[in-house]
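Everything below concerns the one structure shown next.
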Amino acid sequence: MIGWLGALLRVGRKLAAKTETQLYPEEMPKLPPRSRGRIVLTRDPDGKERCVACSLCAAVCPVACIDLSKAVAEDGRWYPDHFRINFARCIFCGLCEDACPTSAIQLTPDFELGEWRRDALVYEKHDLLIAGEGKVRGYRYWSVAGKAIAGKDKGEADHESPPVDLKGLLP
Amino acid sequence: MSTTITIDGRQVEARIGDDLLSVCLSYGIDVPYFCWHGALGSTGACRQCAVRVYAGPDDTKGRIVMACMTSIAEGQRVAVADPEAANFRARVIEWLMTNHPHDCPTCEEAGSCHLQDMTIATGHHVRRYRFTKRTHRNQDLGPLVTHEMNRCIACYRCTRFYRDYAGGRDLDAFGAHNNVYFGRAEDGVLESPFAGNLAEVCPTGVFNDKGWSADYARKWDMRATPSICPHCAVGCNLLVDERDGRVRRAQNRYHGALNGYFLCDRGRYGPLHVVSPQRLAVPLLGGVAASEHDATAAAHAAIAAGAIGIGSPRASLESNYALQRLVGPERFFAGVSDAEVKLLRRMIAILRAGPAKIASLAEIEAADAVLVLGEDLTNAAPRMALALRQTARAAERELAAQKGVPHWLDQAVHTAGEGRRSPIVLATSAPDPLDDIATLSLRLDAEAIAAFGVAVAAAMRGNVAEGLAAEGQVKDIADVLASAKCPLIIAGASLGAAAIIEAAAAIAAALGSRARIALIAPEANSVGLALLGGDGIESAAALLESGQAMTAIVLENDLFERAPRAGVERLFAAAKTVVALDALNTEITARAAIALPVAAFSEAAGTFVNYEGRAQRFFAAVPPNPAMPSAWRRIAAFGAGDWHSLDALIEDIVAERRDLVGIATAAPNAGFVMSGGKVTRAPRPLSGRTADDRAGQFADAAPPQDPDSPLTFGIKGSRGTQVPPALITSYKMPGLHSANAVTRFAQEIGGPLRGGDPGTLLFEAGEGALPPAAASDPIGVDGLLLVPLHDAFSGWELSRASALLAARAPAPRLMLHPDDAATLGLAAGAAVLIDGRPCGTRLSLDAGLARGVVAVSVGTVVPRGALRRVTIEAAS
Ligand code: SF4
Ligand code: SF4
Ligand code: SF4
Ligand code: SF4
Ligand code: FES
């Protein structure tokens, strides 16, 4: 008797509690920045594309929905000449973001990916590339990489000494 | 002598004196290493292969040694897993990585990088070094090889390969200690025709394949297919990598008896002809693009009017056979000159008759005295030249062995061997890149080479000839060959001289059954075509002229390369219609009434027969394209047969031709399935499979179908060491992603693959008696003997269509000895006429040439053909 009265009380109390259910889409949820929704490609602090087309995200993707191919820009940077994600396949696991050595690929809190046509869920690079750095501020792969590009010669990356002078006589 | 040693508690058999690392690796016991290489031996540069070795049962302390520098000894106990050794290895890799750039994402090597593998294997994953990194500037090493020196770990593999193994001079180590630099003295094209191997030899991303980098895909994004190099008669085994239906690169596929670990650059970059803009992509009628329907209808009509078939030494045996079936054996011709047909038949007869055994490349390396008659191996069969460079070092190894230096201690062998060279005699007409390893180089014209060979044979039988160009040497050479344990004679069709082949046969006969012989055919399937039968182009023209046929079907052949122009023009004049089937646009497809596109070697399966008579199968590396079917499929549609797959066609060949039964066993047939399914070309995982919308289908549910091979394009299937050797698509093993893991696939280091080296020898020495040689046609005495100059970087029309090789190929040459030029009143740079016809290049002079010859680039300036004399005069 006490048992079920107690239960009734506990249930009854819920009547006055604040509801968890939200009236989406009238009321938009506030998701933390780390929640995993629509994927974007971000840019370096200098505004250039961050992605170097290393294909690590494509390799780690458990559903293999990322497809890209490497090209080399005039200044020597590697970049993807196409970058495609099929959001109809993506399971928003975030492994690509984890794998990305340049912080280019990031998941955003936007989960609203409803489309009438499924092929509209295949996003190309111009759909993915955003203007800013996203969640990771300040990181620029090319400042730490040993590969030279225009404007960053050998020896000019972080933690690098000037190139060895092979003709020098000092040991 | 063999003994049992204990490695981590496991008892293994090993030969006393072998190096411990090789033994570990061949038993699949992973010891991290960098500087050791199966073909280059040990040098002890990287200090990565540390293990603990206990001298015997009483030794409880043991000591840390480098496995690659330690000989196997009786009763040895080895602890690879020893904590101190493991810690030692982890520290070594940490040192190696202190200067390593943060490059993996933009490094071509990543994903199949030995350094990545070893770093992960040793457990070094946190960088503690906080100081600055040493950096280097890169060099431009030409169109084939990239250079990114920061990634170097100073294993010295590159220079050991380039200099010690391949005889190159222009790559070296500079600087000292931390600064050591591997490159050229200054920027410039790497000269060696084997430079491309650096991409595979270097365990890091310093050297890579420049062509691949320009059309890049990660290793894990490419499907790989076993293939055969279509660029010369050696028949090196390739892996062809594909992504998105496009071939991205060719790599070495290990073959114990042939190419081993290395290819030549023609074989590595030449296969990129399949992506050249020179491809014939659509059917042509009268040189104008036409619909498939119209073109095949026109071809049907032309063939119905009575046709002859002209085969090709660069087409598969199957396509040639299909054509032979279509037109009948009397109307099938070989697509080379009559003279070359005769020469090749004779070469095969000599090989078959014995007594000399046919030498594989591995056996060439094992020879202890070599005579090369007339062949410029570096340019005609490049990989064989690389083998001969190893032969040259046999004497050195022998002396070193007497002093107790094991053969794998390569540096020490160099020193202990006191520079001794095995006897190698080159008798050629033009300066030869192998001159630096030859103990004697003779510069003779083709007739003198033959006479010299005959004299050597006679001297071996005790008859001394007189009045010869190289009289003084004949007796010595005969003695050297006669006293050798494993003498080897190399000759071939390069100079088009039947007499040279006969001389080689005579020497081999005089030497008896311990002799080995290698006769170099001109192209990848020259031997296969000769086995099928059929006379040459001149005979084809004669048959057309007699009015017995109206149409000539030309299979994958630019005839103007392979036979004198006059003969080919006769053929065009006599044929009412020429139907050309080819993968490339050539002069033939442009002039043919009907041209039909067919698959290139990377798009269809087929068989090539190499210089040894080894039938080897290649498979389609890209999904079949119905607009460019295999040539034999087109020919089957003309009514040659009802073959639904390559196996059905092979069944017919084998039923009809008992001498060709071997082709059926060259590789498993399309029905071959392992417990894991068909062998797959795809790596695991193949990324991007579901990136496109496919209306709800899982992309891999229907991988492209290929009825002609036991391989699948899908991701599900068998991989690994149990795969039959002819079907190996990858050396990937758990934790090992680079080609270095090939050690797992060979029976022993450098030996045959597990399950035997792929391919089937169609004939062997000693099968028949040699009929006497037919009298050769006289070539007169007027004019200069024509020496066709081959070139490692150009080869025939296929390899020249590769943009990468074209960037490396020298300009066509025409050379005279200065004295001959003076006699003719010609100076360097003069425009000349060959037999009254202008030629596309200017005269250069070379005092290294034999007298009385004119050396001319073959294929580009002159077509190949029989040995002949030409007149050279100034163009007015
Ligand atoms: S992992 Fe990052 S840098 Fe590499 S391809 Fe993907 S997005 Fe680009
Ligand atoms: S060589 Fe290997 S470890 Fe070094 S950057 Fe390239 S992939 Fe990475
Ligand atoms: S360049 Fe490559 S092969 Fe040469 S020493 Fe450096 S890491 Fe070794
Ligand atoms: S061209 Fe000849 S030697 Fe070179 S890789 Fe091809 S088959 Fe081998
Ligand atoms: S592999 Fe043994 S020291 Fe380098």
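The values are calculated or read from the model by the stated rules, or taken from the named source; none is laboratory data. Here the structure is a predicted model, which is why all the values come from computation and not from measurement. With ideal geometry, Cβ positions are generated from the backbone for all residues, glycine too; neighbour counts draw on all protein chains shown.
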* With the condition kept exactly as written, say whether any residue in the stretch B:331-338 is under 16 Å from B:ASP535 (Cα atoms) and in a helix (DSSP H, G or I). => yes
* Structure fact -> The residue that is nearest to ligand 5 (Cβ to nearest atom), considering only those in the stretch B:196-251 that are part of a helix (DSSP H, G or I) and of a type in the set (Asp, Glu), is B:GLU200
* Asked: What pairs can you find where one residue is in the stretch B:118-133 and facing chain A (nearest Cβ under 10 Å), the other is at pLDDT 90 or above and within 16 Å of ligand 3 (Cβ to nearest atom), and their Cβ atoms are less than 7 Å apart, with a gap of 6+ or different chains?
  -> B:TYR129/B:THR98; B:LYS133/B:ASN99; B:LYS133/B:PRO101
* Asked: Quick one: in the stretch A:70-82, which of the residues that are within 24 Å of A:GLY146 (Cβ to Cβ) and touching a Lys or Arg at 6+ places or on another chain (Cβ under 8 Å) is nearest to the other protein chains (Cβ to nearest Cβ)?
  -> A:TRP78
* **Options B:ILE5, B:ILE64: the member that is aliphatic (A, V, I, L, M), over 24 Å from B:HIS737 (Cβ atoms) and in contact with a Phe, Trp or Tyr (Cβ under 7 Å, 6 or more places away or on another chain)** => B:ILE64
* What pairs can you find where one residue is in the stretch A:119-137 and more than 17 Å from A:ARG89 (Cα to Cα), the other is surrounded by 12 or more Cβ atoms within 10 Å (Cβ to Cβ) and among the hydroxyl-bearing types (Ser, Thr, Tyr), and their Cβ atoms are less than 7 Å apart, with a gap of 6+ or different chains? -> A:ILE130/A:THR42; A:GLY132/A:THR42; A:GLU133/A:THR42; A:GLY134/A:THR42; A:VAL136/A:SER103
* Take the stretch A:86-114 and flag every residue that is among the β-branched types (Val, Ile, Thr) and more than 7 Å from chain B (Cβ to nearest Cβ). => A:ILE91, A:ILE105, A:THR108
* Tally the residues that are within 16 Å of ligand 3 (Cβ to nearest atom) and over 11 Å from the mean Cα position of the chain (by Cα), restricting the search to the stretch B:243-260. => 0
* To do: Could you tell me whether B:ASP221 is of a type outside the set (S, T, N, Q) and away from ligand 4 (no atom under 16 Å from the Cβ)?
  => yes
* Candidate set from the stretch A:37-69 (those that are facing another protein chain (nearest Cβ under 8 Å) and in a strand (DSSP E or B)); member that is surrounded by the fewest Cβ atoms within 10 Å (Cβ to Cβ) -> A:SER69
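Does B:MET97 fit the bill of being of a type outside the set (Gly, Ala, Ser), within 14 Å of chain A (Cβ to nearest Cβ) and either more than 15 Å from ligand 5 (Cβ to nearest atom) or part of a helix (DSSP H, G or I) (or both)? Before the answer, list the steps.
On the way: of a type outside the set (Gly, Ala, Ser): yes; within 14 Å of chain A (Cβ to nearest Cβ): yes; either more than 15 Å from ligand 5 (Cβ to nearest atom) or part of a helix (DSSP H, G or I) (or both): yes.
Here the answer is yes, as B:MET97 does meet what is asked.
Residues are listed down the side, and each one gets a yes or a no for (1) within 24 Å of B:GLY245 (Cα to Cα); (2) modelled with pLDDT of 90 or more:
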site: B:LEU727; (1), (2): yes, yes
site: B:MET733; (1), (2): no, yes
site: B:GLY755; (1), (2): no, yes
site: B:LEU762; (1), (2): no, yes
site: B:ALA765; (1), (2): no, no
site: B:GLY768; (1), (2): no, no
site: B:VAL781; (1), (2): no, no
site: B:LEU786; (1), (2): no, yes
* The one condition in (1) more than 14 Å from every other protein chain (Cβ to nearest Cβ); (2) closer than 21 Å to B:THR159 by Cα that B:THR204 fails to fulfil -> (1)
* Taking the stretch B:179-194, which residues are under 30 Å from A:SER161 (Cα atoms) and crowded, with 24+ Cβ neighbours inside 10 Å? -> B:PHE182, B:GLY183, B:LEU190
* Say we look at the stretch B:31-48 and pick out the residues that are more than 6 Å from ligand 5 (Cβ to nearest atom) and in a loop (DSSP other than H, G, I, E, B); which of these is surrounded by the fewest Cβ atoms within 10 Å (Cβ to Cβ)? -> B:ALA39
* To do: Determine if the stretch B:184-194 includes at least one residue that is in a strand (DSSP E or B), more than 16 Å from ligand 1 (Cβ to nearest atom) and either under 28 Å from B:LEU377 (Cα atoms) or without any contact (Cβ under 8 Å) to a residue 60 or more places away in the chain (or both).
  => no
* Structure fact -> Counting only residues that are within 14 Å of chain A (Cβ to nearest Cβ), hydrophobic (A, V, I, L, M, F, W, C) and either within 16 Å of ligand 1 (Cβ to nearest atom) or outside any helix (DSSP H, G or I) (or both), the stretch B:146-169 contains a total of 3
* Failed item, numbered, when B:ILE715 is tested on (1) at pLDDT 90 or above; (2) touching a helix residue (DSSP H, G or I) at 6+ places or on another chain (Cβ under 7 Å); (3) surrounded by 15 or more Cβ atoms within 10 Å (Cβ to Cβ); (4) assigned to a loop (DSSP other than H, G, I, E, B) -> (1)
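What strands (runs of 3 or more DSSP E) completely inside the stretch B:569-644 contain at least 2 residues that are in contact (Cβ under 8 Å) with a residue 24 or more places away in the chain and surrounded by fewer than 20 Cβ atoms within 10 Å (Cβ to Cβ)?
Filter on the stretch B:569-644 gives an empty set.
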* **helices (runs of 4 or more DSSP H) (entirely within the stretch B:758-876) containing at least 2 residues that are closer than 25 Å to B:SER441 by Cβ** => B:818-824
* **Residue match in the stretch B:170-178 (condition: more than 14 Å from every other protein chain (Cβ to nearest Cβ) and either under 19 Å from the mean Cα position of the chain (by Cα) or farther than 25 Å from A:LYS167 by Cα (or both))** => no
